[in-house]
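Nothing in this text is a laboratory measurement; each read-out follows from the coordinates by a stated rule. If you're wondering where the values come from, they're calculated on a predicted model, not measured in any experiment. Neighbour counts are summed over all protein chains in view; Cβ atoms, including those assigned to glycine, are modelled from backbone coordinates with ideal geometry.
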Amino acid sequence: MSRSAALGLFLVLMAAAPRADAETLLERGDYLVNHLMSCGNCHSPRGPGAASRALSGGVQVFDEPWFRVKGANITPDRETGIGAWSDDDIKRAITKGIRPNGTPLADAMPSAFFRILTPRDLDAIVAYLRSVPAVRNEVAAPIYKAASPPSPTYPLAAKPLSDADLADPVRRGIYLSTVAHCMACHARTSDEAPTDYIKAFGKGGRAFRGPWGETHSANITSSRVAGIGAWSDAELRRALTEGVTPDGRKLRPPMSDQVAYYRTWKAADLDALIAWVRTIPPID
């Protein structure tokens, strides 16, 4: 065999061989559920021994004018979790907010954002949820107080993206910010006002109350006055991964809770997220 033919065969074999750093479906699902999408923030308990009961139901209550709900048990337990659901049932709940029996989930579940998930990522999430230990934990059923206003369609998640779309840093940033559902807090000015993805996109202002007092979601538009337009990339990265603003102020809940997730993101994903944030038009 000639040298050129041997080199050609080597390159073909290398291209066909699996990459050592390629993620398996379960690894990708783990990264999505436990890092990018921060599912445990709502669906996992807190405190001692919580790790052994991950995704078996959250402790916080979402008490809004339209409903009162807690994060559900999404482990494979067949009686109190989602073990009896089909793969399609799980996908429909994630991307359309509909239970297997056809009833809607409260919009505390950010399904409007998850419609952007690539087919492979959706498969990875299902595979991962199937793999976690089943935990028997009956979570209180939701209470619906009044008819919720129609959930607005999130424009950036109008349809699933493809794996090819994620090669572009800004489009990847759009994807990451969407599955991380950043605008669930940063595009809603109050609990009473519906989310506004046009006039309030990134404006912030929604109040959060808890043992820490009251905090408001920040303006993350490119405004240099009211937003983060004057922050450097390093300062923005520090706020996301360390919870500290450029003036040394520590972030408070609920954003401070998200820091634990952002610091586990891959460096390239953080770069893409920052690249996208820079494109948000200023709102003063």
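Taken about its Cα centre, segment 131-225 carries a charge dipole of roughly 160 debye when the Cβ of each Lys and Arg holds +1 and the Cβ of each Asp and Glu holds -1. Here the chain is assigned +1 on the Cβ of each Lys and Arg and -1 on the Cβ of each Asp and Glu. Its dipole about the Cα centre then comes out at about 140 debye.
What is the sum of charges, Lys and Arg at +1 and Asp and Glu at -1, for the other residues whose Cβ falls under 14 Å from the Cβ of K145? Once all neighbours under 14 Å are counted, the net charge is -4. For the pair A141 and T279 in one chain, pulling the backbone fully straight at 0.36 nm per residue adds 45.7 nm over the alpha carbon distance. Between R78 and D165, the contour length at 0.36 nm per residue exceeds the Cα-Cα span by 27.7 nm.
Here's the list of lysines a cross-link from K159 could span, going by alpha-carbon distance under 29 Å and ignoring same-chain residues fewer than 8 apart: K70, K91, K96, K199, K203, K266.
Quick one: order E214, E138, E64 by neighbouring beta-carbon count within 10 Å, fewest to most. Write out the running numbers ahead of the final one.
Details: E214 9, E138 12, E64 16.
Neighbour counts put them in this order, fewest first: E214, E138, E64.
May I ask you to derive the relative contact order of segment 94-144, considering only C-alpha pairs under 8 Å and at least 6 residues apart, and to give it as an integer percent? Don't jump to the answer; show the numbers that get you there.
Details: 23 pairs, mean separation 14.8, N = 51.
That works out to 29 percent.
Using a Förster radius of 22 Å, what is the FRET efficiency between V59 and E214 based on their Cβ-Cβ separation? Nearest 0.05, please. Display every interim value, and only then the final one.
On the way: r = 20 Å, r/R0 = 0.90.
Computed FRET efficiency for V59 and E214: 0.65.
Rounded to the nearest 20, the Cβ-based charge dipole of segment 182-284 about its Cα centre (Lys and Arg +1, Asp and Glu -1) stands at 80 debye.
Sorted into 5 angstrom bins from 0, the C-alpha pair distances of the chain split as 1, 5, 10, 16, 18, 16, 13, 9, 4, 3, 2, 1, 1, 0, 0, 0 percent. With the cut-off at under 13 Å, measuring from each backbone N in segment 105-146 to a point 7 Å along the Cα-to-Cβ line of A22 picks out no residue. For segment 133-252, the equivalent ellipsoid built from the Cα gyration tensor has semi-axes of 26, 22, 18 Å, listed from largest to smallest.
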